[in-house]
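The values are calculated or read from the model by the stated rules, or taken from the named source; none is laboratory data. Keep in mind that this is a model prediction, so the values were computed, not measured. Glycine also receives a Cβ, built like all others from the backbone with ideal geometry; neighbour counts cover every protein chain displayed.
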Amino acid sequence: MDDTPVSGIMTSPVLTVDGEMTVVEAARTLREEHVGSLVVGEEIVDGIVTEADVVAAVGEEVDLESTTVAEIMSDPVVTIRPDESVRVAGERMGHNGVKKLPVTEDGEPVGIVTTTDLAHFVPRNRLQMASQPEPDVREGEYE
């Protein structure tokens, strides 16, 4: 990856919600907006709630209509600034085991970059796909 700034691949504006939103409302918003996460906090990032957080809440059988996103969100949140590079975003995601990075300016959420954004960024012509399997790789073995 090169030094393209995150601002060039991030989704903006980012969907932000209040921490008092219920899990049911969050699930509905995720579905209606076709997104995988919601940033909690509008002026400063308080947390992030993902589809996985909602699924975990269902699995734990919490009361979805009274439990708030603040109760199930991940925090603190790993973030990135819009002028930092896509390479740094990928490294930060890998080092922290996260798939979504809210992009912040002075603490305020201005966008979000995801592993999907990174995958779409990688130019297709940079990927050298082998037309045939390597001779030393037996069926079912992967590097």
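The table that follows gives values for the structure above.
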{"quantity": "Cross-chain or 6+ apart pairs with Cβ under 9 Å, the range 97-121 first and touching a residue at least 12 places away in the same chain (Cβ under 8 Å) and assigned to a helix (DSSP H, G or I), then loosely packed, with under 14 Cβ neighbours inside 10 Å and not basic (Lys, Arg)", "calculated": "Phe121/Thr4; Phe121/Gly8"}
{"quantity": "Members of the range 53-63 that are under 26 Å from Pro102 (Cα atoms) and either touching a strand residue (DSSP E or B) at 6+ places or on another chain (Cβ under 7 Å) or among the acidic types (Asp, Glu) (or both)", "calculated": "Asp53"}
{"quantity": "Flag if Val24 is surrounded by fewer than 16 Cβ atoms within 10 Å (Cβ to Cβ), hydrophobic (A, V, I, L, M, F, W, C), modelled with pLDDT of 95 or more and in contact with an Asp or Glu (Cβ under 8 Å, 6 or more places away or on another chain)", "calculated": "yes"}
{"quantity": "Unique residue being buried (at least 17 other Cβ atoms within 10 Å of the Cβ), β-branched (Val, Ile, Thr), closer than 26 Å to Leu118 by Cα and touching a Ser or Thr at 6+ places or on another chain (Cβ under 6 Å) when the list is Val6, Val39", "calculated": "Val39"}
{"quantity": "Those residues of the range 8-18 which are touching a Gly at 6+ places or on another chain (Cβ under 7 Å) and either of a type in the set (S, T, N, Q) or within 26 Å of Asp63 (Cβ to Cβ) (or both), in sequence order", "calculated": "Thr11, Ser12, Thr16"}
{"quantity": "Close pairs (7 angstrom Cβ cut-off, 6 or more residues apart or separate chains): surrounded by 15 or more Cβ atoms within 10 Å (Cβ to Cβ) in the range 50-69, of a type in the set (Asp, Glu) anywhere", "calculated": "Thr68/Glu20"}
{"quantity": "Any hit, the range 28-36, residues being surrounded by 13 or more Cβ atoms within 10 Å (Cβ to Cβ) and part of a loop (DSSP other than H, G, I, E, B)", "calculated": "yes"}
{"quantity": "Qualifying positions in the range 58-81 - assigned to a loop (DSSP other than H, G, I, E, B) and within 15 Å of the chain's Cα centre (by Cα)", "calculated": "Met73, Asp75, Pro76, Val77, Val78, Thr79, Arg81"}
